Amino acid sequence: LLLRWRRRRELWKKVKEARQRQERSLVQMEMAVRRFREQHPSMNMISVLSLPLPELSKKLRDGSLPPEHVFYAYVGKALQIATETNCITEYLQESETQLRKVKLTGKPGLLYGVPVSIKDSINCQGHDSTLGFIKNLNKPAAEDSVVVQVLRRQGAIPFVKTNVPQSLISYDCKNLIFGQTFNPLLYTRSPGGSSGGEGALVGGGGSILGFGTDIGGSLRFPAAFCGICAFKPTGNRLRPPAMNALFWSLAAVAAVGPMAKDVESLALCMRALLCEDMFSLDSTVPPLPFNEEVYSSTQPLRIGYYETDFFTMPSPAMRRAVRETKQLLEDAGHTLVPFELTNVDYVVFNFCLRGIFADGGSSFVRKFKGELEKSSMGLLFWLLKSPDWLKTVLSWIAKPFHLLMPFIGFVSFFSTVDEVWSLHHEIEEFCHQFIAQWKKLNLDVMLCPMLGPALTIGYPGKLSVAVSYTMLYNTLDFPAGVVPVTMVTDEDEEELKGYQGYFRDWWDRILAKAFRGSVGLPVAVQCVALPWQEELCLRFMKEVETL
């Protein structure tokens, strides 16, 4: 008991030190902005913050806007949003040195002088990548991740790191070290996750371009919840960071991608990243430069669509968002074709959850050993830690319940090597069948629902099964992006009173509660293309945004 007490005291000491570093970071930001304002009292920061990224980067490259004006305008705004939402974990003070050096470079890159924010889990040299774990504190990265290296070579200036949920396996944004991050649109709502700090910062206007990762919707949830755009490429188009080997699975392919206020900013970012520097630094990334012809095409598209996956019943606003977008696309001359999804419950449980936790979750649980908090995953984490005999009893008791039985069965038990090989074969077969259905309908892209509006804080941890709309495209490894298209209306709120879900179980009742009281909050749709068709996906997103 004494040893345990001493260990806990040491852990709390590390947490306290990390929080003090976070507070010092904010103080450093405040001092830097104050110094700059004293030296440039006539500078109009609001006019800088109002510029969209393509226009801002053009002004920076042609010299009509000094990089330091842009940098300190965003440091000041980021400080304000961090104070309101608790989204920033660390200020990268070396960014001020990089700012001075960037002016000395020869030919400016596409992102010359653009301040960018980076998710906690993406390595920046000399800074922790905690993933919300205390054990990862005071372990600074030895070098920048490839994405950060390419950003720097393109002239971008990473200036802050942002908050994540513990372990990244959550679409909320809370950990014991830095606490809860809040949605900038409504503080009682979650900003989404796991790139929740990025969503809050970009959504609040404190960053013009942010970078996160996505293994089940971790870019798309924060974007949808905070009313911005995000893009998840095919897994290997931009090599994702290793995430400290938290888990590895072919069942849900991880990706790294950008978040911004508009689609043109995402396209500019992809142009910048898909360059010779990326291909030479990481030989596993295929040397496919950005295809401008596909992105700028005006040819009518043949678009598949669905309003529901028949697993997670969409909120009235989600359904309306798809219907209204479909109508606008048809009016603009595009062809819309119904697409029917089947067996999504099997995909979520057997492919995604069972694939990720194929070892019975033992490696995942091991990551929490010695931590003060055991994740916000609630039921899932408790199940993974339970002894096999208890899992067997629970799965037997849960048989009458539609979702609970497979949830317990698929994530709790250890899979043999044969079963894992069989599972991967099944996933390949599913991908081939999905693509065959796509090709049979001769589709270019797909219009899909996106979970929304933003859920009340605390609810994502109770609703881990509601990732069905996003995780499907990690399993398929298709590029996917989200675009906000509407806001929740009083009529949507009234219609929500009759929401019962498809299974009328505990999860459906909780989801209905999580949606309530959302009038005025943004709702997005999801745009999807086939693997390696990032430019086509972005072109479709641009079309949706314009309409």
Worksheet item: Which of the residues belonging to region 83-110 are assigned to a helix (DSSP H, G or I) and open to solvent by 60 Å² or more (accessible area, probe 1.4 Å)?
Response: Thr83, Glu84, Glu94, Arg100, Lys101
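Which one of Glu23, Glu17 is open to solvent by 60 Å² or more (accessible area, probe 1.4 Å), in contact (Cβ under 8 Å) with a residue 40 or more places away in the chain and part of a helix (DSSP H, G or I)? Full working, then the answer.
Numbers: Glu23 fails: in contact (Cβ under 8 Å) with a residue 40 or more places away in the chain.
The conditions single out Glu17.
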Fill in: Count of residues meeting criterion [in a loop (DSSP other than H, G, I, E, B), touching a helix residue (DSSP H, G or I) at 6+ places or on another chain (Cβ under 6 Å) and among the β-branched types (Val, Ile, Thr)] in region 139-198
2
Worksheet item: For region 509-547, what are the residues that are among the charged types (D, E, K, R) and buried (at least 21 other Cβ atoms within 10 Å of the Cβ)?
Response: Glu534, Glu535, Arg539, Lys542, Glu543
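Going by the structure shown, is Cys124 touching a Cys at 6+ places or on another chain (Cβ under 9 Å) and open to solvent by less than 10 Å² (accessible area, probe 1.4 Å)? Talk me through it step by step, then tell me what you get.
Details: touching a Cys at 6+ places or on another chain (Cβ under 9 Å): no; open to solvent by less than 10 Å² (accessible area, probe 1.4 Å): yes.
No: the conditions fail for Cys124.
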Practice prompt. Please work out which residue is nearest to Val256 (Cα to Cα), limiting yourself to region 148-188 and to residues that are open to solvent by 10 Å² or more (accessible area, probe 1.4 Å) and among the basic types (Lys, Arg).
Written response: Arg152
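Only residues that are surrounded by fewer than 17 Cβ atoms within 10 Å (Cβ to Cβ) and not in a helix (DSSP H, G or I): list them for region 308-335, please. Explain how you work it out, then say what you get.
So the first thing to find is which residues in region 308-335 are surrounded by fewer than 17 Cβ atoms within 10 Å (Cβ to Cβ), and the list is 310, 323-324, 327-328, 330-333, 335.
The answer is Phe310, Ala332, Gly333, Thr335.
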Response to the item:
Of (1) small (Gly, Ala, Ser); (2) free of Cβ contacts under 8 Å to residues at least 40 places away in the same chain; (3) surrounded by 12 or more Cβ atoms within 10 Å (Cβ to Cβ); (4) farther than 24 Å from Asp262 by Cβ, Ser42 fails just (3)
Worksheet item: Restricting the search to region 362-381, which residues are in a helix (DSSP H, G or I) and either basic (Lys, Arg) or modelled with pLDDT under 75 (or both)?
Response: Arg366, Leu379, Leu380, Phe381
Worksheet entry | Residue match in region 509-519 (condition: within 23 Å of Ala267 (Cβ to Cβ) and modelled with pLDDT of 95 or more) | no
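Is it the case that some residue within region 480-503 is open to solvent by less than 30 Å² (accessible area, probe 1.4 Å) and free of Cβ contacts under 8 Å to residues at least 60 places away in the same chain?
The initial filter retains those residues of region 480-503 that are open to solvent by less than 30 Å² (accessible area, probe 1.4 Å), namely 480-483, 486, 488, 492, 496, 499, 501.
From what's left, free of Cβ contacts under 8 Å to residues at least 60 places away in the same chain: none.
No.
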Fill in: Search result, residues across region 43-61 that are farther than 18 Å from Leu99 by Cβ and assigned to a helix (DSSP H, G or I)
Ile46, Ser47, Pro54, Glu55, Lys58
Item to complete: Sort out which residues of region 258-284 are touching a strand residue (DSSP E or B) at 6+ places or on another chain (Cβ under 9 Å) and assigned to a loop (DSSP other than H, G, I, E, B), and write them in order of number.
Response: Lys261, Asp262
Discussion item. With the requirement that a residue be in contact with a Pro (Cβ under 8 Å, 6 or more places away or on another chain) and at pLDDT below 95, what does region 256-290 give you?
Written reply: none
Worksheet, complete the sentence: Residues of region 94-112 being over 10 Å from Gly155 (Cβ atoms) and in contact with a strand residue (DSSP E or B) (Cβ under 9 Å, 6 or more places away or on another chain), in sequence order, are Glu94, Ser95, Glu96, Leu99
Worksheet item: Thr130 passes all but one of (1) open to solvent by 20 Å² or more (accessible area, probe 1.4 Å); (2) among the β-branched types (Val, Ile, Thr); (3) out of contact with any strand residue (DSSP E or B) (no Cβ under 7 Å at 6 or more places or on another chain); which number fails?
Response: (1)
Worksheet, complete the sentence: So, first residue part of a loop (DSSP other than H, G, I, E, B) in region 508-526, second residue small (Gly, Ala, Ser), Cβ within less than 8 Å, six or more apart or across chains; the pairs are Ser518/Ala317; Ser518/Ala454; Leu521/Gly227; Leu521/Gly452; Leu521/Ala454
Worksheet item: Is one or more of the residues making up region 531-542 under 11 Å from Gly481 (Cβ atoms) and either among the small types (Gly, Ala, Ser) or more than 23 Å from the chain's Cα centre (by Cα) (or both)?
Response: no
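The values are calculated or read from the model by the stated rules, or taken from the named source; none is laboratory data. What you see is a predicted model; the values in this text were computed from it and never measured. Every residue, glycine as well, gets a Cβ built from its backbone with ideal geometry; the counts of neighbours run over all protein chains shown. The area values use the complete protein model at the heavy-atom level, side chains included, leaving out ligands, DNA and RNA. Shrake-Rupley method; radii C 1.70, N 1.55, O 1.52, S 1.80 Å.
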